[in-house]
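Visitor: Below you'll find the structure I mean.
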Amino acid sequence: MSVPLLKIGVVLSTMAMITNWMSQTLPSLVGLNTTKLSAASGGTLDRSTGVLPTNPEESWQVYSSAQDSEGRCICTVVAPQQTMCSRDARTKQLRQLLEKVQNMSQSIEVLDRRTQRDLQYVEKMENQMKGLESKFKQVEESHKQHLARQFKAIKAKMDELRPLIPVLEEYKADAKLVLQFKEEVQNLTSVLNELQEEIGAYDYDELQSRVSNLEERLRACMQKLACGKLTGISDPVTVKTSGSRFGSWMTDPLAPEGDNRVWYMDGYHNNRFVREYKSMIDFMTTDNFTSHRLPHPWSGTGQVVYNGSIYFNKFQSHIVIRFDLKTETILKTRSLDYAGYNNMYHYAWGGHSDIDLMVDENGLWAVYATNQNAGNIVISKLDPVSLQVLQTWNTSYPKRSAGEAFIICGTLYVTNGYSGGTKVHYAYQTNASTYEYIDIPFQNKYSHISMLDYNPKDRALYAWNNGHQVLYNVTLFHVIRSDEL
């Protein structure tokens, strides 16, 4: 940037010097400072006086002067000969000087054009520098924003992990409790071995009491290990592709050993036929099934099979029916008071999903909504035999905003949608009547979930996803509290 500016300064300085020189030199060259006329006093001219040049032929000559009647001066002036200009030395100097000035003017024009070009180049470079400076600022701001986002994500992760610290401390205590159980078992085993060698040395009733007590404690410990807090859901496993876009399928969590039947119900209304497959292998590989006809069409996709009976919501009603699959008879019917039905309070996907029946480690549940609870989710614990409502919890989560829901260990988990990106983001703990917002990723592989139920025996989620029957494994976090044993 300094070179073009220097050129501009040189040009301006040169032009100033030429102007000053011409203003001082040109008048003397053309004879403007050699001839002077003076007036006589009294307002008349002296005819005989005058300042004439040394050579009269070189300039204007005054030969006579007179005054008219009105006092005006009348002069006779003879102009210099025109032919003298061509022989005038100063005229030649002036011509040479003009040629030099013209040459200098041309040089100045060339220099001016170059200066203008350099100035344009400088302006272009200045704009480029400003652009680079703007880009550097953008990069710097973007870097700062990226660091801020990373810091915020790390802080959020730390906030999530911080509540686990006391849980881990309890887990350490639970590990010590298990070691204590192990030592007691080893001690009892040692005592029994010695008792075999020396019968009568110990009180048999006392020993039996110790064994029974330990057995009860271990059973309680194992029961608590069966339950836990949901911390993760696996990627889906597609078992079969069949049926319409909506439906439900399940197995019986209380089925006896060796009973691996699969139950299949296509559609969400105006259907009465339930398919029975002998095993999961038959369901996956064949179309061999037994058909059961229900006495009434079902509503929605919230049916469950539990201890040999199927529980379903009668179409266009708030009636729950228990139907025995072996005898094909109705064992019990009961109305859920104030429960919405016929698409009044359905899940977000619709489909007459007003009443959703579920099972977990604790038994049979019904999830629905009422006007009294402003359309928010209501959870009721049901007696599986009489269908009587044992206890009810009112939540503040709108049922129409829920994609689907399921219960694990007495905690209701709700998804934020049924299509596209989905996650489990709400949990209500019935044992404490509290709720929390969570963030558990859930892969919605086929983009439309119309049924999602938990099976405590398989510890898996059964889903109907856009005509695909899908399974998800779940990860539960277990905590054994020594004060509850």
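Visitor: Want the number for GLN443 to ASN288: 0.36 nm per residue separation, take away the alpha-carbon distance, what's left?
Guide: The span from GLN443 to ASN288 would gain 52.7 nm if fully extended.
Visitor: Calculate the FRET efficiency for GLN186 and GLU257 from the Cβ-Cβ distance with a Förster distance of 30 Å, rounded to the nearest 0.05.
Guide: Plugging the Cβ-Cβ distance into 1/(1 + (r/R0)^6) gives 0.45.
Visitor: Could you give me the radius of gyration and the Dmax of the stretch 231-477, taking only the C-alpha atoms into account and expressing both in angstrom?
Guide: Computed over the Cα atoms of the stretch 231-477, radius of gyration and Dmax are 16.4, 47 Å.
Visitor: How large is the accessible surface of THR91 in square angstrom, using a 1.4 angstrom probe and rounding to the nearest 10?
Guide: 40 Å²
Visitor: Right, something else. From the square roots a ≥ b ≥ c of the eigenvalues of the alpha-carbon gyration tensor of the stretch 269-380, which class results: rounded (a/c under 1.5), prolate (a/b over b/c), or oblate?
Guide: prolate
Visitor: Under the Karplus relation 6.51 cos²θ - 1.76 cosθ + 1.60, θ = phi - 60°, what is the ordered set of whole-Hz ³J(HN,Hα) values for the stretch 412-424, x standing for Gly and Pro?
Guide: So the Karplus estimates, Gly and Pro as x, are 7, 10, 10, 8, 8, x, 10, 10, x, x, 9, 8, 8 Hz.
Visitor: About its Cα centre, how strong a charge dipole does the stretch 231-477 have in debye, to the nearest 20, once Lys and Arg get +1 and Asp and Glu get -1 at the Cβ?
Guide: Rounded to the nearest 20 debye, it is 440 debye.
Visitor: A follow-up question, please. Could you tell me the accessible area of GLU133 in Å² (1.4 Å probe, neighbours in place), rounded to the nearest ten?
Guide: Number for this one is 100 Å².
Visitor: Stretched out fully, how many nm does the piece from THR392 to GLN93 gain, at 0.36 nm a residue minus the Cα gap?
Guide: The THR392-GLN93 span can extend by a further 95.6 nm.
Visitor: Now a separate question. Multiply the residue separation of GLU140 and LEU179 by 0.36 nm, subtract the distance between their alpha-carbon atoms, and state the gained length in nm to one decimal.
Guide: 8.4 nm
Visitor: Skipping prolines and chain starts, which residues have an amide H placed within reach, meaning under 5 Å, of the one on LEU364, given they are 5 or more residues away or on another chain?
Guide: Residues meeting the amide H criterion: LEU382.
Visitor: Name the trypsin sites (Lys or Arg not before Pro) in the stretch 274-355 that are in a loop by DSSP and that have at most 15 other C-beta atoms within 10 Å, would you?
Guide: LYS278, LYS326
The values are calculated or read from the model by the stated rules, or taken from the named source; none is laboratory data. As the structure is a prediction and not an experimental result, all values here were calculated from the model. Glycine gets a Cβ as well: all are built from the backbone with ideal geometry, and neighbour counts include every protein chain shown. To get the accessible areas, we keep the full protein, side chains included, count just its heavy atoms, and leave off ligands, DNA and RNA. Shrake-Rupley method; radii C 1.70, N 1.55, O 1.52, S 1.80 Å.
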